[in-house]
1. For region 213-337, just list the percent of Cα-Cα distances falling in each 5 Å bin from zero outward, please.
2. In whole Hz, with x marking every Gly and Pro, tabulate ³J(HN,Hα) for region 252-262 from phi via Karplus 6.51 cos²θ - 1.76 cosθ + 1.60, θ = phi - 60°.
3. Using only the Cα atoms of region 243-295, what are the Rg and Dmax in Å?
4. Could you size up the charge dipole of region 243-295 around its Cα centre, putting +1 on the beta carbon of Lys and Arg and -1 on that of Asp and Glu, and report it in debye to the nearest 20?
5. Take the Cα gyration tensor of region 206-278, multiply each eigenvalue by 5, square-root it, and list the three semi-axes largest first, rounded to whole angstrom.
6. Got the relative contact order for region 124-262 handy, in percent, Cα pairs under 8 Å and 6 or more residues apart?
7. In what sequence, highest mean first, do 197-205, 141-149, 281-289, 70-78 appear when ranked by Cβ atoms within 10 angstrom?
8. Using a cut-off of 26 Å between alpha-carbon atoms, which lysines can reach residue 218, once sequence neighbours fewer than 8 places away in the same chain are excluded?
Amino acid sequence: MIHAELPRNRVFSPRRLGVAACFALAAVAGAAPAFAVDGFGQAEWAQRYDADARLSVARSNTPLLSPRTLAATEQAIEQYRGIVERGGWNNVPAGATLKLGSSGAAVQALRKRLIVTGDLDPAASSSGVYDSYVEAGVKRFQARHGLIETGVASPQTIAVMNIPADYRLRQLETNLVRLRTFSANLGDRFVVANIPGAMVETVENDTVATRHLAGVGKIDRQSPVMQTRALDVDFNPYWTVPASIIKKDLIPKMQADPNYLTDNHIRIYDKSNNEVSPSSINWHSMDATNYRFREDPSTENSLGVVRININNPYGVYMHDTPAKGVFGDDFRFVSSGCMRLQNVRDYVAWLLKNQPGWDRDHIDQVIASGERLDVKIDPPVNVYWVYITAWGTPEGIVQFREDIYQRDGFSTAGAGAAAVVQPVAQDGVRHDPGLDPGTDEQ
């Protein structure tokens with residue numbers, strides 16, 4: 001089975017209830033002080049009490065590329081200029097993991113940090129206990145920074161918190177310029193793929209229709225910034241291994257396991273289109289680059305069950321993936337330049353929605369049949385692959401993403417912040433990346 005990351009079953013434990021330290025906390029949350037007293041005279045709250053609902057991060061229906069986003073980003077710049085002028089924010093002690101039940105000076109520093117950026121209501125007391133107010137504030141912060149909303153202040157989350165305010169202000173100013181380049185009419189229907197956010201959204205009449213988490217290019221195999229069009233959809237596609245992947249990935253895998261190609265249903269063809277045996281190739285040389293390698297269609301194909309072709313000189317495209325586990329990770333920079341899409345069938349249904357007969361049910365039927373079928377998108381849909389690391393929303397939420405390709409022109413190290421390291425997968429294991437669909441240009 002070939003894919004960029006092994007699928008993994010994610011187990012979610014029930015969320016823990018916060019423990020109230022005093023009646024004042026319940027009053028701030030607007031909750032009645034319903035509680036039971038245990039044998040030690042300690043109160044246990046009978047219900048959750050979270051931060052004010054006004055502090056939650058509702059999913060905006062405003063597109064990333066929109067005049068409304070541009071105006072909101074200008075307002076965010078003024079907000080963060082004020083924060084910088086007031087001295088920025090404090091650092092949270094690094095190294096430890098803070099969560100419900102934690103207490104001490106680090107939690108007090110965390111509260112103070114969350115209050116500065118509006119992620120925690122100042123009225124939620126200055127207690128040194130990590131209660132559900134703090135948990136809700138951390139979730140809000142994580143949502144604004146593209147992190148999985150665990151409510152746990154992990155070392156990674158704290159490292160992002162400790163990036164200085166002046167750095168964040170510069171990010172907003174830099175990205176305002178980028179957003180202004182898309183201030184013209186982009187079309188009534190278009191797709192935006194934000195590379196640093198590893199997120200794709202479909203847009204219709206200046207409103208987001210669907211959103212999809214994405215797996216995008218690795219740091220050394222970057223997804224390109226471009227303006228293009230989606231031309232056609234390939235159902236149950238073959239995958240022809242690009243020359244770059246043959247050199248970088250396939251040859252080393254065959255050296256390690258001579259049965260790799262056979263086990264993964266990849267066939268080899270010579271220049272006359274005759275199928276050849278893997279044993280006829282010298283895998284300790286570059287001999288393999290003289291052949292064509294093609295993976296058979298299947299649900300385990302490296303492209304998954306759908307490939308969406310976009311017109312571009314880079315040889316990249318958008319596609320499904322059998323490695324769905326990547327969409328459960330914060331760090332989704334895992335491909336060789338192409339983009340993998342979560343809920344790709346909904347994406348395809350949106351692309352084909354104006355073509356009679358191509359509703360979601362029919363799409364599912366074609367995929368289930370295993371039939372190789374290519375469908376033109378009529379008319380083609382505009383697609384924008386962009387690099388936006390900071391922006392505001394009309395709801396007053398300020399969003400930031402890591403400058404993964406270092407294109408903002410300045411670094412967190414230069415600003416005095418700790419580097420944000422690539423996190424381990426959610427299950428704590430770094431997986432064998434397998435082969436990954438890519439481009440001949442990389």
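FYI, it's all coordinate maths here, none of it is from the lab. Please read these numbers as outputs of a predicted model, since none were measured by experiment. Positions of Cβ are generated from backbone atoms using ideal geometry, with glycine treated the same way; all protein chains shown enter the neighbour counts.
1. It works out to 2, 10, 17, 21, 21, 17, 9, 4, 1, in whole percents.
2. Computed from phi, the couplings for region 252-262 are x, 5, 6, 5, 7, 8, x, 9, 4, 5, 4 Hz.
3. Calculated on Cα positions, Rg and Dmax stand at 9.9, 28 Å.
4. Dipole size: approximately 200 debye.
5. 32, 17, 13
6. 9
7. Put in order of decreasing packing, that is 197-205, 141-149, 70-78, 281-289.
8. 247, 248, 253, 324
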